[in-house]
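I have placed the structure first, in the form of structure tokens, so that the comments after it can refer back to it.
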Amino acid sequence: MRLVVAGSGIVGAACAFEASGLGADVTLIDAGLPGQATAAGAGIICPWSTRLDDPAWYDFACAAAREYPPLVAGLADLGEADVSYRQVGALLITDGDGRPDQLSQEVRRIEARRAAAPEIGQVQALSGPEAQRLFPPLAPGSAAVYIAGAARVDGRRLAAALIRAAASRGTVIRTGQATLACRPGRAVGVVLDGELIEADAVVAATGAWTTAFLAPAGVPVAVTPQRGQIVHISLGSADTSRWPVVLPAASGHYLLAFDDSRVVAGATRETGAGFDFRVTPAGLAEVLAQALAVAPGLGSGTYLETRVGFRPAGPDIRPLLGPVPGLDGLVVATGLGATGLTMGPLAGKVAARAALGLAPDIDLAPFSPVRAA
Ligand SMILES: Cc1cc2nc3c(=O)[nH]c(=O)nc-3n(C[C@H](O)[C@H](O)[C@H](O)COP(=O)(O)OP(=O)(O)OC[C@H]3O[C@@H](n4cnc5c(N)ncnc54)[C@H](O)[C@@H]3O)c2cc1C
């Protein structure tokens, strides 16, 4: 079985890893376009605190979060020992000045989800000083709900590890802009630098660029880029390796930390900015103002960089995932929006199985790639 995977963000990387593990001859192609979402994404994995009411999305996101520990362990067995994934917990900073009744209500809301998702772990209300002990730059008095199962991952490191592991299983890695090649009713491969790479199936893991990739097939998949600007700050020699993710309920912005004394403050959500790969003064001001309002202690850190990425936004928050009706040999795997580092590994795995003609482990009906297009 010959499989071409177009796009090697988190989805394409996971897809190639899975498909090569299942014995397919995989070619993984990436154009290296500026604004890959995986390279900019924050990397928070905490679907359980959501207030979004979409059971299909929620179930998929929870299943994806659940799959992380075995995936990370499997990669470690293949020599990819540190992909930066760590269950550091999350501090959910509620509205209402952390009133005890509000915190308990929030604890109950999240705990009610634990029966179906035990990986949520311990959920408890923390006082301001307790929360600040876990994330020292926080403003004093930031009472919070702590969710122990929340995790973070660096998308760059995870995708790179998946690609290396896929390559060790025989995946061929190519660079360049792939163009979908079709005959009536069937995808037959891609054209890369004038060469037709024939395949029994093609997976479109092309993120925010998927509408353009599918254009030659006339497939009306509605994906648009949502620009995100996200700031990285160094805190010198502080040991940030176990700091939790900070999720202020009021703003939709957030903070998280990685091992190298690095705090990441995100992010703008700019719909309509197109593929405009720039850091803007307004974007920077928004992200920094929100970050410093929650964690004024970051103000004395060192500004490192601002990353820009294009989230692949579909017609709603659900992934666009599965075979395309009426066009054999084509599987779409995108539309993961703001939670694609959470869902990407599972989406890639599901896409690989669909492309190889294996029965999906989940009902793909809610994720039809051509819905409402
Ligand atoms: C600022 C920001 C913060 C985020 N934070 C989080 C978070 O905390 N938690 C979370 O779960 N998610 C987060 N996300 C979302 C997540 O990053 C994305 O949903 C996810 O990375 C999308 O992965 P992807 O593989 O679909 O697309 P991408 O990572 O964008 O990869 C698509 C790839 O396709 C390639 N490509 C496109 N067209 C072609 C072609 N014709 N030929 C070859 N290659 C092609 C591109 O070069 C690109 O490398 C965040 C995103 C951003 C931008």
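The values are calculated or read from the model by the stated rules, or taken from the named source; none is laboratory data. All figures in this text were calculated on a predicted structure; none of them were measured in a lab. Ideal geometry is used to build each Cβ from the backbone, glycine not excepted, and the neighbour counts take in all protein chains shown. SASA here: full protein model, heavy atoms, side chains in, ligands and nucleic acids out. Shrake-Rupley method; radii C 1.70, N 1.55, O 1.52, S 1.80 Å.
Just to be sure I understand: with springs between alpha-carbon atoms less than 10 Å apart, which residue in G207, G121, G344 has the highest mean-square fluctuation in the Gaussian network model of the chain? Highest fluctuation among the options: G121.
The Cα center of segment 49-83 and the Cα center of segment 100-170 differ in position by 13 Å. Listed peptides 359-372, 34-47 appear in the order 34-47, 359-372 once ranked by packing, highest mean of other Cβ atoms within 10 Å at the front.
Three principal axis extents describe the C-alpha atoms of segment 221-368; from largest down they are 57, 33, 25 Å. Direction-averaged projected area, Cα convex hull, segment 48-180: 11.5 nm², rounded to one decimal.
Over all directions, the projected convex hull of the C-alpha atoms in segment 284-373 averages 8.3 nm² in area.
Think of a 1.4 Å ball rolled over the protein heavy atoms: segment 112-154 then has 40 Å² of accessible area per residue.
When both segment 171-193 and segment 1-21 are represented by their alpha-carbon centers, they are found 13 Å apart. Pairwise alpha-carbon distances in segment 158-262 exceed 15 Å for 77% of all pairs.
Considering every alpha-carbon pair of segment 231-297, the percent of pairs per 5 Å bin, from zero through the bin containing the longest distance, is 3, 16, 26, 22, 17, 11, 4, 1.
GNM remark for the chain: springs join alpha carbons under 10 Å apart, and the peak mean-square fluctuation among T224, T211, T339 falls on T211. Residue ranking by accessible heavy-atom surface, 1.4 Å probe, largest first, among M343, M1 comes out as M1, M343. Surface composition of the chain: carbon and sulfur atoms hold 54% of the protein heavy-atom accessible area at a 1.4 Å probe. Scanning the chain for DSSP H helices at least 18 Å long along the axis (C-alpha atoms) with a Kyte-Doolittle mean no lower than 0.0 picks out 55-77, 155-168, 281-294, 340-355. Using C-alpha pairs under 8 Å with a sequence gap of at least 6, the mean separation divided by the residue count of segment 241-293 gives a relative contact order of 30 percent. Based on alpha-carbon centroids, what's the gap between segment 284-353 and segment 248-266 in Å, whole number please? If we compute the Cα centre of each part, the gap is 15 Å. Taken along the Cα-to-beta-carbon direction at a fixed 7 Å, the label points for E130 and L292 span 3.1 nm.
Mean-square fluctuations from a GNM of the chain, with a 10 angstrom spring cutoff on Cα atoms, peak among D259, D328, D193 at D193. Note on D101: accessible area is roughly 90 Å² with a 1.4 Å probe, heavy atoms of protein only. Using every Cα-Cα pair within segment 6-48, state what percent have a distance larger than 14 Å. More than 14 Å apart: 56 percent of the Cα pairs in segment 6-48. Think of it as helices only: each DSSP H run of n ≥ 4 in the chain is worth -39500 (n - 2.57), and spread over all residues that comes to -9000 deg cm²/dmol at 222 nm. Relative protection proxy for 286-298, 267-279, from highest mean packing down: 286-298, 267-279 (other beta-carbon atoms within 10 angstrom). Dividing the convex hull volume of the alpha carbon atoms of the chain by its residue count gives 128 Å³ per residue.
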